[in-house]
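**Student:** Pasting a structure here, questions to come.
Every number here is computed from the coordinates shown, using simple stated rules; none is lab data. No experiment lies behind these values; they were computed from the predicted model shown. All Cβ positions, even for glycine, are placed from backbone atoms using ideal geometry, and neighbour counts span all protein chains on display.
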Amino acid sequence: MRKIFLAGFAAAMMAFSTVNTADVSSAAHDPSHLPGSILVKFRDNGAAAQVLPQHGLSQGASMGSTGTQQIKVPAGKEHQFIEALSRNPAVEYAEPDQVVTATTHDKFFPRQYALQNEGQSFTNTANTVTVPAGTKDADVDAVEAWGVTTGNGIRVAIIDSGVAINHEDISAKVVARENFSDTAIRPDHPEDYDQYGHGTHVAGIVAAEHDAEGVAGVCPGCTILDAKVLNDRGIASSSAIVKAIEWAVDNDAKVINMSLGQRVSSRTLEAAVDNAWKKGVVIVAAAGNAGTEAPMYPAAYKKVIAVAATDNNDAKAHFSTYGEWVDVAAPGVDVYSTFPNHEFVIGTQNNRSKGYDIASGTSMASPVVAAVAALTWSTSAGTSNTSVRAKIESSADKIKGTGTFWDEGRVNACEAVGCRQH
């Protein structure tokens with residue numbers, strides 16, 4: 001990082017015209033930004049103490065290894081402070097604290113195919129599911145992969161709305177939890193932890209118990225690090241996700257899954273992703289559900305595996321974001337998994353059942369890939385995050401759309417763990 005010598009820094013400070021809170025006119029709140037919060041990175045560690053008071057601001061919470069601070073500002077005045085601070089040569093950058101949302105799609109049909117199918121009815125644990133006529137072998141061959149590994153002990157961080165505390169098929173897989181959302185958790189009300197429902201579904205796709213009850217995750221031997229960032233409305237902020245990434249790395253995550261996104265890039269968020277990659281973590285994120293080529297973040301960052309969604313015919317889901325920046329695809333339409341046993345928001349909105357049900361979205365495709373990454377970590381290919389990512393991408397099935405809708409293909413767990421050799 002480029003430093004500014006003290007004398008030069010002081011001169012720059014004297015020449016810079018400051019803007020105090022009273023001088024900044026009020027503005028309507030931009031719904032894409034977290035109100036009252038901006039992210040600022042200074043070129044010199046001591047600069048914040050000199051620059052911020054000149055704007056009527058105080059130093060804020062550190063964003064860990066990114067070197068950024070979360071600065072509190074008057075709501076509605078975020079853009080003005082960003083502009084004023086950005087003009088100061090002591091500031092490397094100032095940016096909004098973006099609002100981040102879950103990437104679930106609302107389509108709802110009662111069938112399952114993602115783990116294993118060959119175009120006929122089949123039984124997966126306690127649930128007999130009829131696959132529609134004409135269905136292709138559009139699964140990720142997870143059942144075959146389990147002949148090599150179930151990923152025992154590999155930690156996958158789920159940065160999402162939380163994982164239900166009292167679900168029989170996934171709660172016991174959680175080895176650590178942390179709440180980074182603005183939702184207050186009451187210790188005597190376990191139903192508070194995932195009122196939205198999204199995180200429980202995502203976690204089940206990764207690591208639900210493979211037993212006689214419920215469903216099986218793609219990596220049934222994995223454990224979960226539960227980083228709650230989405231509140232009861234399915235909304236988070238860039239700063240919350242940055243803190244969650246840092247926490248996941250500190251708690252030995254081998255894989256991080258983020259089934260969420262924002263439309264505008266954040267330098268702070270990208271720095272957190274890059275730092276996690278440098279620490280050896282595989283990072284996976286949903287490409288989004290806009291049905292366009294517009295990038296979503298964090299999926300579009302180079303150190304992240306961006307995941308599009310496919311359907312039961314191995315075709316791109318109609319809602320899935322796509323393009324040259326998307327790396328792989330995975331089943332994301334009508335994916336059956338765990339939901340909270342209590343009332344939850346996306347269940348109320350979309351008539352989903354408590355306990356277990358279907359959801360669609362690149363939010364569902366992303367954890368499939370995260371789970372395949374976790375399985376791959378526990379094989380001979382699991383020597384580094386670079387080798388795991390390379391194995392996932394090189395072993396993907398080159399289905400129709402590869403090279404256009406996504407770069408590498410639809411993931412194949414069996415090929416990734418090498419079960420064809422056994």
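**Student:** With θ set to phi - 60° and the Karplus curve 6.51 cos²θ - 1.76 cosθ + 1.60, what are the ³J(HN,Hα) couplings of the range 304-312 in order, to the nearest whole Hz, using x for Gly and Pro?
**Tutor:** 10, 7, 8, 10, 8, 10, 10, 10, 6
**Student:** Treat every Asp and Glu Cβ in the range 122-421 as -1 and every Lys and Arg Cβ as +1, leave all other atoms uncharged, and give the resulting dipole magnitude about the Cα centre to the nearest 20 debye.
**Tutor:** 740
**Student:** Another question about this same structure. Hey, fewest Cβ within 10 Å first, where do Tyr322, Tyr93 land in order?
**Tutor:** Tyr93, Tyr322
**Student:** Would you mind checking the radius of gyration and Dmax of the range 122-421 based on alpha-carbon positions, in Å?
**Tutor:** Taking only Cα atoms of the range 122-421, I get Rg and Dmax of 17.1, 51 Å.
**Student:** Could you list which residues have their amide H under 5 Å from that of Val91, counting only those 5 or more apart in sequence or on another chain, with H placed in the peptide plane?
**Tutor:** Arg43
**Student:** Amide H neighbours of Val174 under 5 Å, counting only residues 5+ apart in sequence or on other chains, H built in-plane at 1.01 Å?
**Tutor:** HN-HN under 5 Å from Val174: Ile224.
**Student:** Please list, ordered by chain and number, the residues whose modelled amide H lies under 5 Å from the amide H of Ile154; skip anything fewer than 5 residues away on the same chain.
**Tutor:** Answer set, sorted by chain and number: Thr223.
**Student:** Give a residue-ordered list of calculated ³J(HN,Hα) values for the range 195-202 (Karplus: 6.51 cos²θ - 1.76 cosθ + 1.60, θ = phi - 60°; whole Hz; x for Gly, Pro).
**Tutor:** 6, 7, x, 5, x, 5, 5, 4
**Student:** For the range 122-421, what does the relative contact order come out to in percent, with C-alpha contacts under 8 Å and a separation of six or more? Write out the running numbers ahead of the final one.
**Tutor:** Details: 806 pairs, mean separation 66.3, N = 300.
Worked out over the range 122-421, it gives 22 percent.
**Student:** Taking N as the number of residues in the range 308-359, what is its Cα Rg relative to 2.2 N^0.38 Å?
**Tutor:** Details: Rg = 13.5 Å, N = 52, 2.2 N^0.38 = 9.9 Å.
Taking the Cα Rg and dividing by 2.2 N^0.38 Å, one obtains 1.37.
**Student:** Something else about it: Could you give each residue of the range 345-362 its phi-based ³J(HN,Hα) in whole Hz, using Karplus coefficients 6.51, -1.76, 1.60 with θ = phi - 60°, and x for Gly or Pro?
**Tutor:** 4, 6, x, 5, 6, 10, 6, 8, 7, 5, x, 8, 5, 8, 8, 10, x, 5
**Student:** Let me ask you something else. What is the fewest-to-most order of Trp406, Trp277 by other Cβ atoms lying within 10 Å of their Cβ? All intermediate terms of the calculation are to be shown ahead of the outcome.
**Tutor:** Working: Trp406 29, Trp277 20.
Placing the least packed residue first, the sequence is Trp277, Trp406.
**Student:** Using the 10 angstrom Cβ neighbour count as an exposure proxy, how do Cys419, Cys414 rank, fewest first?
**Tutor:** Details: Cys419 20, Cys414 23.
Placing the least packed residue first, the sequence is Cys419, Cys414.
**Student:** So, one more: Computed over the Cα atoms of the range 229-285, what is the convex hull's projected area averaged over all directions, in nm²? Could the numbers behind the result be given before it?
**Tutor:** Details: hull surface 15.1 nm².
For the Cα atoms of the range 229-285, the hull's average projected area reads 3.8 nm².
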